[in-house]
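Trainee: Below you will find the structure I want to go over with you.
The values are calculated or read from the model by the stated rules, or taken from the named source; none is laboratory data. Keep in mind that this is a model prediction, so the values were computed, not measured. Here the Cβ is made from the backbone with ideal geometry for all residues, glycine too, and neighbour counts use every protein chain on show.
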Amino acid sequence: MRFKDVFSIIGPVMVGPSSSHTAGAARLGRLARQLLKEQPERVLITLYGSFAETYKGHGTDLALTGGLLDFTPDDARLPNAYQNAVQAGMTVTFKEGAGVCPHPNFVKLEMWSGDAAASLAGASIGGGNVEVHMMNGFDVHCSGLYPTLVITHEDRIGVLASLTKAISDVGLNIGFMNVDRKSRNGEAMTVLEIDRHPQDSLFEKIRQLQYITDVLLLDLTSGS
């Protein structure tokens with residue numbers, strides 16, 4: 001990715017010790033929670049590479065748990081994330097994964113709450129920055145740097161055109177767009193990074209479009 005300023009390199013204001021292993025991990029946890037749309041009741045976290053080797057010593061487990069509770073990287077509650085999770089009724093299980101992964105600091109989070117389920121996999125790439133590689137089984141990507149629309153829909157002609165028009169009509173600019181589908185004319189997911197937080201009216205406008213299944217927003221630009 002392209003670093004925007006010196007803080008992208010040295011890392012954000014945070015509870016340490018590591019921008020990669022704690023700040024980035026907390027952000028991945030928050031994104032996962034937002035994907036589920038609520039606090040999870042149960043979470044299975046699979047760690048890979050450097051994350052798997054050092055997660056206890058570097059506080060990655062606490063950061064991921066805190067992120068799932070919607071704590072930001074500078075939240076003073078992060079060191080007590082386990083206790084906070086118990087109080088919130090959230091059970092978190094960690095395991096170490098094997099095999100090749102896209103980045104040394106890679107993690108997969110699988111979450112459940114009642115009948116709802118979601119999964120997110122991504123990497124902490126340095127300076128507190130992250131890259132999402134998978135959401136709910138779709139190979140889609142986003143950076144977490146900008147408000148991000150995640151839209152599930154049928155793979156049909158005209159869906160992308162209608163989505164981009166709806167976003168343009170409310171005066172928003174698309175900075176990045178990524179699409180994956182499970183099969184031709186099957187289920188698909190479109191991810192769009194936009195320049196600013198959208199108004200609520202945009203979500204209703206998108207939900208009314210043909211072939212749309214769901215729309216949600218991932219946004220790390222505001223604190224918990």
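Trainee: Which condition number in (1) surrounded by fewer than 16 Cβ atoms within 10 Å (Cβ to Cβ); (2) charged (D, E, K, R); (3) within 23 Å of V130 (Cβ to Cβ) is the one that R207 fails?
Mentor: Against the list (1) surrounded by fewer than 16 Cβ atoms within 10 Å (Cβ to Cβ); (2) charged (D, E, K, R); (3) within 23 Å of V130 (Cβ to Cβ), R207 comes up short only on (3).
Trainee: When the residues of segment 122-149 are filtered to those that are hydrophobic (A, V, I, L, M, F, W, C) and crowded, with 22+ Cβ neighbours inside 10 Å, which remaining residue is nearest to the chain's Cα centre (by Cα)?
Mentor: From segment 122-149, those hydrophobic (A, V, I, L, M, F, W, C) are 123, 125, 130, 132, 134-135, 138, 140, 142, 145, 149; that's our starting set.
From what's left, crowded, with 22+ Cβ neighbours inside 10 Å: 123, 130, 132, 135, 142, 149.
Numbers: A123: 10, V130: 9, V132: 6, M135: 8, C142: 8, L149: 11 Å.
Out of the qualifying residues, it is V132.
Trainee: In segment 124-141, what residues are among the hydrophobic types (A, V, I, L, M, F, W, C) and touching a helix residue (DSSP H, G or I) at 6+ places or on another chain (Cβ under 8 Å)? It would help to see each step written out before you state the result.
Mentor: Step one: list which residues in segment 124-141 are among the hydrophobic types (A, V, I, L, M, F, W, C), which gives 125, 130, 132, 134-135, 138, 140.
Passing the criteria: I125, V130, V132, M135.
Here is a yes/no grid of residues against (1) of a type in the set (V, I, T); (2) more than 21 Å from S201 (Cβ to Cβ):
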site: G137; (1), (2): no, yes
site: H141; (1), (2): no, yes
site: G144; (1), (2): no, yes
site: I151; (1), (2): yes, no
site: G158; (1), (2): no, yes
site: A161; (1), (2): no, no
site: F176; (1), (2): no, yes
site: V179; (1), (2): yes, yes
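Trainee: OK, next. I'm trying to understand the selection: among the residues of segment 19-63, which are buried (at least 20 other Cβ atoms within 10 Å of the Cβ), at pLDDT below 95 and part of a loop (DSSP other than H, G, I, E, B)?
Mentor: Across segment 19-63, the qualifying residues are Y55, H58, G59.
Trainee: Have a look at L160, L202 and point out the one that is touching a Ser or Thr at 6+ places or on another chain (Cβ under 8 Å) and in a helix (DSSP H, G or I). Write out each step before concluding.
Mentor: On the way: L202 fails: touching a Ser or Thr at 6+ places or on another chain (Cβ under 8 Å).
Answer to the selection: L160.
Trainee: Going residue by residue through segment 39-52, is there one that turns out to be under 21 Å from C101 (Cα atoms) and in contact with a Pro (Cβ under 6 Å, 6 or more places away or on another chain)? Step through it out loud before you land on a result.
Mentor: Looking only at segment 39-52, we keep the residues that are under 21 Å from C101 (Cα atoms), and these are 43-52.
From what is left, the residues that are in contact with a Pro (Cβ under 6 Å, 6 or more places away or on another chain) are 49-50.
Looking through segment 39-52, at least one residue is under 21 Å from C101 (Cα atoms) and in contact with a Pro (Cβ under 6 Å, 6 or more places away or on another chain).
Trainee: For L192, which of the numbered conditions (1) part of a loop (DSSP other than H, G, I, E, B); (2) at pLDDT 95 or above fails to hold?
Mentor: (1)
Trainee: Scanning segment 79-118 for residues that are touching a helix residue (DSSP H, G or I) at 6+ places or on another chain (Cβ under 7 Å) and in a helix (DSSP H, G or I), which turns out surrounded by the most Cβ atoms within 10 Å (Cβ to Cβ)?
Mentor: Here the residue is A81.
Trainee: Moving to a separate point now. Residue check: is H197 part of a strand (DSSP E or B) and of a type outside the set (D, E, K, R)? Can you show your working first?
Mentor: On the way: part of a strand (DSSP E or B): no; of a type outside the set (D, E, K, R): yes.
No; evaluated as a whole, the condition is false for this residue.
Trainee: Given the criterion in contact with a Pro (Cβ under 9 Å, 6 or more places away or on another chain) and aliphatic (A, V, I, L, M), identify the matching residue among L120, L145, L149.
Mentor: Numbers: L120 fails: in contact with a Pro (Cβ under 9 Å, 6 or more places away or on another chain); L145 fails: in contact with a Pro (Cβ under 9 Å, 6 or more places away or on another chain).
Answer to the check: L149.
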